[in-house]
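Structure first, commentary second.
Values quoted throughout were computed directly from the atomic coordinates according to the rules given, and no laboratory measurement underlies them. The structure displayed is predicted, hence computed values, not measured ones. FYI the Cβ positions are ideal-geometry reconstructions off the backbone, even for glycines, and counts take in every protein chain you see.
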Amino acid sequence: MLQQYDPRNEHLLIYIDGELYPREEAKISVFDSAVQGGDAVWEGIRVYDGRIFSLDEHLERLQNSAHAMAFREVPSNEEIKAALFKTLQANGMRDETHIRLTLTRGKKITSGMDPRLNQFGPTLIIVAEWKPPVYPPEITLVTSSVRRNSAMSLDSKIHHNNLINNILAKIEANHAGADAGLMLDKDGFVSEANGVNVFCIRKGVVYTPHADSCLPGITRQHVINLCREQGIPIVEKNLSLTEFYTADQVFTTGTMGELTKVAEIDGRAIRSRMEEDLLEQIKGYFRAMTRSGGEPLPF
Ligand SMILES: Cc1ncc(COP(=O)(O)O)c(C=O)c1O
C-alpha cells in the first residue's frame, strides 16, 4: 500500500514556531536536532467533522515523551492547541485531515549530540494535510527480521522520531510485496507492525500484545476500552506468530488507518471459523466514537 499525492495539498500552509509558511517555503535549520539526530517527538492526529479526535490523549503522550527526553521550555498544551487551531483555520480544514505534530529539541549552536548545544528552545512543526484514512479494506503483513526495541534499549513509551527500526521493517515488507512489516519483540513474541498496533481474535476473545515493546497506541487503547464497555472479552498477553496465523481475525489499529483487517501474514491466510464478524462490530463502535468524541474546533 503506497500513499498517493493528494492535489488538495498543493497549497498547504505549514506551521513552524508561530509562523505559517507555504509548503515549499516551510523549512527548519540544518542545525535542528531533528536533522542532526532524529532528536524529536511527534504525534499523528486526526480531524473528524469539526473535532480533533483524542486531542488530550495525544498531547499527554507528547508531553510525556518530551519530558522523558528531558526537553526544555516545552510549549504548554494550551499553546499547542492554539497553534493547531491556527493551522487548521488557515488551511480551511475541518474534516478528512491528518496532522503530523512534531516537537524537536530545537536548533543547536553547532553540530553535536549534546543537548546543552540546544540554546534556542524547541521547534514546533505542524503539518496538516488532507488525508482521509489511508489503509485499504484489507492488508497483508510479513514478519520482519528487525526486532522492535525493548525498554532495554529504547523505550517504546517514548514516541520519538528515531524510526529507523520501523523503516527497515517497512523496507522488508515492500520487498516482500506486503503492506506492512510485522515486528517481534526481543523474545520472539509479536509486538506490532511497523506503524500500527496489532490485535487478533480467537473464538470470540480479542487479544493484543502487552505494550512492553510496542507503542501504547491511542487507537489501541480505544479498542481495549470499547471492548470492555461492550462486554467483549479482551486480553493483553504475549502472543506468538502461530497464534496470529491461526486466529479467526487479525486487525491493525492506528490514527492513520483506523482499524484495518489483515488478510494474510507470511503467506498464511487468516481464516475465520466464527459465525459473527466481531471486527466489523468493533469497527462500528470505533466509527461511532470518531463521530462524537474530540476537541471541537473554535472556528
Ligand atoms: C510504531 C507505531 N505503532 C503504532 C502506532 C499507532 O498509534 P496511534 O493509535 O496512537 O496512532 C503508531 C502511530 O504513530 C506508530 O508509530
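Quick notes on this one:
- Cβ-Cβ distance of ALA269 and ARG8, R₀ of 41 Å, FRET efficiency by 1/(1 + (r/R0)^6): the value works out to about 0.65.
- Net charge of Cβ neighbours under 13 Å - reference TYR48; Lys, Arg +1; Asp, Glu -1: +1
- Close amide H partners of ASN194, meaning residues 5 or more places away or on another chain with modelled amide H under 5 Å apart, are GLY181, MET183.
- Gain on full stretching of the segment that runs from ASN225 to ARG116 - 0.36 nm per residue minus C-alpha separation: 35.1 nm
- Per residue, the convex hull volume that the Cα atoms of segment 1-144 enclose (Å³): 144
- Cα-based shape type of the chain, given that a ≥ b ≥ c are square roots of the gyration tensor eigenvalues and the cut on a/c is 1.5: prolate
- Considering only ARG287, ARG94, ARG220, the mean-square fluctuation computed in a Gaussian network model of the chain, springs between alpha carbons under 10 angstrom, is largest for ARG287.
- Cut-off 15 Å between beta-carbons: net charge of the residues surrounding THR143, Lys and Arg +1, Asp and Glu -1: -3
- Relative contact order (%) - criterion: Cα under 8 Å, at least six apart; region: segment 138-292: 24
- Going from the fewest other Cβ atoms within 10 Å to the most, the residues SER54, SER150 appear in the order SER150, SER54.
- Applying the criteria of a DSSP loop state and at most 12 other Cβ atoms within 10 Å to the GluC sites (Glu not before Pro) of segment 56-162 yields GLU73.
- Taking label points 7 Å from Cα along the Cα-to-Cβ direction, GLU276 and MET1 give a separation of 2.5 nm.
- Residue with peak Gaussian network fluctuation, the chain [Cα springs, cutoff 10 Å], from THR252, THR102, THR242: THR242
- The chain - percent relative contact order, Cα under 8 Å, separation 6 or more: 19
- Positive contributions from Lys and Arg (+1) and negative ones from Asp and Glu (-1), summed over other residues with Cβ under 15 Å from the Cβ of GLN4, come out at -3.
- Span from the segment 111-137 Cα centroid across to the segment 231-260 one, whole angstrom: 29
- Derived scalar couplings between HN and Hα for segment 102-113 equal 10, 10, 9, 5, x, 7, 9, 6, 7, 5, x, 6 Hz in order, rounded to whole Hz, by the Karplus curve 6.51 cos²θ - 1.76 cosθ + 1.60 (θ = phi - 60°), x for Gly and Pro.
- Comparing LEU141, LEU163, LEU13 in a Gaussian network model of the chain where C-alpha atoms under 10 Å apart are linked, the largest mean-square fluctuation is found at LEU163.
- Amide H contacts under 5 Å for PHE120, placed H, 5+ residues apart: LYS107
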